[in-house]
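Everything below concerns the one structure shown next.
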Amino acid sequence: GASALRAACGDSTVKVGVSPTGRYDGPEAGHRWGLPAGREVLVRPPETFMRLGDYLRLLEEPTPESFYVEYNALHQYLGAPVRAMAPVPPQALYLRPLLANLWLGKGATTSPLHYDEYENLLAQVSGTKELVLFPPSDLPHLYYTPRAKGTLRYAWPNTFERLPVREADAGARVVFASSVNVSQPDLRAHPALQRASPRRCTLRPGETLYLPAFWHHEVHSRCAAQGELNVAVNFWFRNATRPPEGFP
């Protein structure tokens, strides 16, 4: 819980993402960024740095914006005390490790639909995660679109600024997330989604999910009670499979 984390590493620095909606690392409509209608922009959340103890106190206060410790690599942040909460399962010791990341918030966050190029173990420590999974073969139905990358600036409290993406800069395109919002699908815009084959699961404390490379997943973090933290550690390993045909 929060008290154990604060006692173990409250003075350590963490990297904190900030979102106006609770959705992290996903596409937005291009018109919000000065681009023509029909275009999209990939948005990474603004980041700030603070002591873990200060972050935990921030989570105790109601705020209109969402704060989330995401992608905090344990070799850079916190390290051994957190890694001890979720050791690598012995069945995975034959895999070649790349990185272990901490995910910490108070729930109500979403990682939009995407895939990773690594074998992934997701270990839930507290709270729950609800996942919607699609096999790699569903790629043609999930609308991965090349798009420009947008810069979102943040100032306390709850002030966000979208820096316009110039048409000249839109050529530097990235493909990361799907255009599909699994929670609120738009079948008029994405009719092929009806041919996809979603699987759903809930990850509870003490459970670990193996996500093979190139499986598509949208992740919703939940907390059962007020004041509960959602804590998870994921482990990336070098992929044991080749990219399926058609992947960007």
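Tell me whether region 111-248 comes out rounded, prolate or oblate; compute the Cα gyration tensor, take square roots of the eigenvalues as a ≥ b ≥ c, and use a/c under 1.5 as the rounded threshold. It comes out oblate by the Cα gyration axes. Remark: C-alpha extents of region 111-182 on the principal axes read 37, 35, 22 Å, sorted largest to smallest. Summing charges over neighbours of Q226, with a neighbour being any other residue whose Cβ is under 11 Å away from its Cβ, gives -1 when K and R count +1 and D and E count -1.
Taking 0.36 nm per residue of separation and subtracting the Cα-Cα distance, full extension of the segment from R242 to T202 would add 11.6 nm. Specify the inter-centroid distance of region 170-230 and region 1-80, based on alpha-carbon positions, in whole Å. Here the two parts' Cα centres lie 18 Å apart.
Say a site is exposed when it is one of the trypsin sites (Lys or Arg not before Pro), sits in a DSSP loop, and has at most 16 other Cβ atoms within 10 Å; what is then the longest site-free stretch of the chain? Result for the longest clean stretch: 1-165.
Dimensions of region 1-158 from C-alpha coordinates, computed as largest minus smallest value along each principal axis and given longest first, are 50, 44, 25 Å.
How charged is the neighbourhood of E61? Take every other residue with its Cβ under 12 Å from the Cβ of E61, and add Lys/Arg as +1 and Asp/Glu as -1.
Net charge around E61: -1.
Sparsely packed loop sites in region 1-71 (the GluC sites (Glu not before Pro) outside DSSP H, G, I, E and B with at most 13 other Cβ atoms within 10 Å) comprise E60.
Can you pull out the GluC sites (Glu not before Pro) in region 194-248 that DSSP calls coil and that have at most 15 other Cβ atoms within 10 Å?
When the GluC sites (Glu not before Pro) of region 194-248 are filtered for loop state and at most 15 Cβ neighbours within 10 Å, E207, E245 remain.
Listed by chain and number, the lysines whose C-alpha is less than 25 Å from the C-alpha of K106, apart from same-chain residues fewer than 8 away, are K15, K129.
Read the figures in this text as sums done on the coordinates, not as results from a lab. These numbers come from a predicted model, not from an experiment. In this analysis, Cβ positions are derived from the backbone assuming ideal geometry, glycine residues included, and neighbour counts consider all displayed protein chains.
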